Amino acid sequence: MQALYSAGLHTHSSLLNSFLNFKRKAVAQSATAFLFFMIFCSVAQAQTLSTDEKIEVLGLAAQSTNVISVAVDGQFTLQELEQANKVKQAGISDDYIVYILINKIKLSEEDIAKTKGHISSGLSESIVKKSLYEKQRFDKPISANTNEQKVIKVEKEKPTSSLITFKNRIGVGFGGVMAVENFASSNPKNAHAGYARGGVYVGFNYAHYFFNFFGISLSAQYTHNFFDELTFANQVKQAYEDQGLDIRSSTVTSSGWNVFHFAIGPNFFIPFNQRNTAGLEFKLNGGLATVYTPKIVSSAFTYNNDQAKITQNSNYQFTGIIDAGIGFRFLAGSKTYMMINMDYLYTEISGVKVTAVAYANNQFADSNQFKMNQVVNNVLIGFSIGGRF
């Protein structure tokens, strides 16, 4: 009986051990299968999306080209892009969306609402981004002892997420003109005096940048200088009086100096800040110009009401021109820029044939043809407004 009991107990024990071993093996196999399933899900979730898939996902929320460009250039999961759409739909700007993507910040619905509240309350961008940086990550958990590293990383990545690029810009400009050197002289003893006064200009300008701070620019511009009519009239009166005539009055009218030019050359930009929103722009352009000499009509009247009239016709010449300039350029909107600029224009004409005809009491008296040589140089101070694309 004891032997039978022992045999039965041994058999029962063996069966129990076999059952337990089977159960442990099944549990282990189940755990292994579950682990592989979780890994598979994780890998599937983190699988790299194609460019078309990224564009399609982000297009659901009408994301900007800036956000799409960042997503296409980086490695982001579907979950990250869907979160970016939620942030966009919450009304949060592109700068923050790009920052969230680059730093792989994981946000809950509550986090998104809080971030929108921070922005609406007027908190600075650096504070809002610091708050975002303290959130969880898609790629790794955040350490509680990395405050110093976080601040450094925020400051380091801030310019990258909000850098403004100028691939192309186009605009219009206008302003004042100031004649300089001999061109501005009204001295009758100066053979190169141009009798030019101040004036106005209007123009078109375009620039294409090969790099963010270097490119090529071109401009098409019209410049007008008024003629110093008052000084010239007094000198005409004096010339007649020197010949013994009693002149009661003398008047002069003129079309002034007119220049049309087209120029092209290198363009440089030196930013004032890391975001590239403001800075100094330099250009050194060369091109072609058409210079029109002034038409001048002078009339002198004696006390006997006799009239002496001289008409000098206008002529033109094609010539070269140099346009060197500096401007302070700054953003006035996401796609709009403004610029305060100062340019120096230099051109000259040589051997331009001009005819002067004299009349006495409206009767032809004499005519003379001469060749005009003149350096035409101006300083322009103006304002430009345009767009970038």
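Any read-out appearing in this document is the output of simple, stated calculations on the displayed coordinates, not a laboratory observation. Since this is a predicted model, take the numbers as computed values, not measurements. As a convention, Cβ positions derive from the backbone with ideal geometry for all residues, glycine included, and neighbour counts pool all protein chains shown.
Here are a few things to note about the model shown:
- Cβ-Cβ FRET estimate between T231 and S64, R0 fixed at 51 Å, reported to 0.05: 0.30
- Across the alpha-carbon set of segment 168-388, the Rg to Rh ratio works out to 1.13, Rh being the Kirkwood radius.
- Counting neighbouring beta carbons within 10 Å and listing from fewest to most, the residues D306, D95 come out as D306, D95.
- Local net charge near G198, Cβ-Cβ under 15 Å (Lys/Arg +1, Asp/Glu -1): -3
- Over all other residues within a Cβ to Cβ distance under 15 Å of F214, the charged ones net out to +3, with Lys and Arg as +1 and Asp and Glu as -1.
- Links that overshoot a 30 Å alpha carbon limit, given the list K129/K283; K114/K167; K130/K283; K237/K371; K189/K283; K104/K335: K129/K283; K114/K167; K130/K283; K189/K283
- Look at R197, R248, R329 and count the other Cβ atoms within 10 Å of each Cβ; fewest to most, that gives R248, R197, R329.
- The mean sequence separation of alpha-carbon pairs under 8 Å and at least six residues apart, normalised by the residue count of segment 170-243, gives a relative contact order of 30 percent.
- Other residues whose C-beta falls under 14 angstrom from the C-beta of A360 contribute a net charge of -1, scoring Lys and Arg +1 and Asp and Glu -1.
- Each label point was placed 7 Å from the Cα along the Cα-to-Cβ direction; for V202 and E181 their separation is 2.9 nm.
- Cβ crowding within 10 Å ranks T290, T347 as T290, T347, fewest other Cβ atoms first.
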